[in-house]
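These notes concern the structure reproduced below.
Readers should treat all values here as calculations from the given coordinates under stated rules, not as data from a laboratory. Keep in mind that this is a model prediction, so the values were computed, not measured. Every residue, glycine as well, gets a Cβ built from its backbone with ideal geometry; the counts of neighbours run over all protein chains shown.
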Amino acid sequence: MSALPLSGRVALVTGVSRRIGIGAAIARRLLADGALVFASGWTPHDEEMPWGADSVSPEALGAALGATGETFHQWPCDLEDPDAPAALVDACIERFGGIDILVANHARSSHYDLETLTATELDRCWAINARASVLLARELGRRREPTPGGRLVLFTSGQHIGPMADEIPYAVSKGAIQQMTRTLADALADRGVTVNCVNPGPVDTGWANARLHAQVAARFPGGQWGQPEDVARLVAWLVSDEAAWISGTVLDSEGGFRRWR
């Protein structure tokens, strides 16, 4: 028997585009734990953001994650398209023969306050962050045999702990994900799928400028940001057999972040 906890399991991980991102860290950890990983990302979104795109080939990304062509595949996917979640799950099953784990790590970042937000931006954040997560959950339930061992991990932010008035479209759509967790857990329970949601707190993936980086660091005990690997460890546990009794839960994994300071 393999000593690797995820040996023989297939994981679909969204939001894998930048090598220093949370998605890449999750993919790397699941690969190390023995899973076959089908990754998706959408570089055009990164190109719109201040941090920019990490434009490497799927082969280079796989090599950076310690994978081979037999264990890792990357497929670009724009989850704003309502048909994309079904196509993504279909592509995963075609490539690896099934799906056991789905980590919906993707997100549209959006910095609009109440005065500057638009209906278009609200709709885009809803479609990508919230709607796509629900549609991915539906496809996982449809395409997987109703046996124990299925895992769905969603991602929210800290909007349920403190206000995010400068990121209203993002915060509202991420709040929907937090609230849908228990409902999706119940909807998928008889399919053998647990559903949990992670709030990772501020994670250092290169998105903050020097001034903001210092301000946020000062709010952490010891002055150290959360790292992508911190998130990956929690996700690896949630998708393992050891977490089979945990479902419908939102986990705030913020390392003692003191947002009130």
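Some values worked out for this structure:
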read-out	value
Whole-Hz ³J(HN,Hα) from phi, Karplus 6.51 cos²θ - 1.76 cosθ + 1.60, for the range 234-242, glycine and proline x	5, 4, 4, 5, 4, 8, 8, 5, 5
The chain: angle of helix 22-32 to the longest principal axis, Cα-based, in degrees nearest 10	30
Neighbour-count ranking [beta-carbon atoms within 10 angstrom, fewest first] of Phe72, Phe257	Phe257, Phe72
Relative contact order [Cα under 8 Å, 6+ residues apart], the range 10-252, whole percent	21
Rounded tilt (10° steps) of 84-96 against the dominant C-alpha axis of the chain	40
Three-way shape call for the range 7-93 based on the alpha-carbon gyration tensor, with the a/c threshold at 1.5	oblate
Order of Val103, Val203 - criterion: other Cβ atoms within 10 Å of each residue's Cβ, fewest first	Val203, Val103
Angle between the chain longest axis and helix 168-189 axis [Cα atoms, degrees, rounded to 10]	30
Residue-by-residue Karplus 3J(HN,Hα) for the range 130-145, coefficients 6.51, -1.76, 1.60, Hz, glycine and proline x	8, 4, 4, 5, 5, 5, 5, 4, 4, 5, 4, x, 6, 9, 9, 4
Interchain or long-range residues, amide H under 5 Å from Thr249's placed H	Cys197
Which of Met49, Met180 has the fewest Cβ neighbours within 10 Å, and the rest in rising order	Met49, Met180
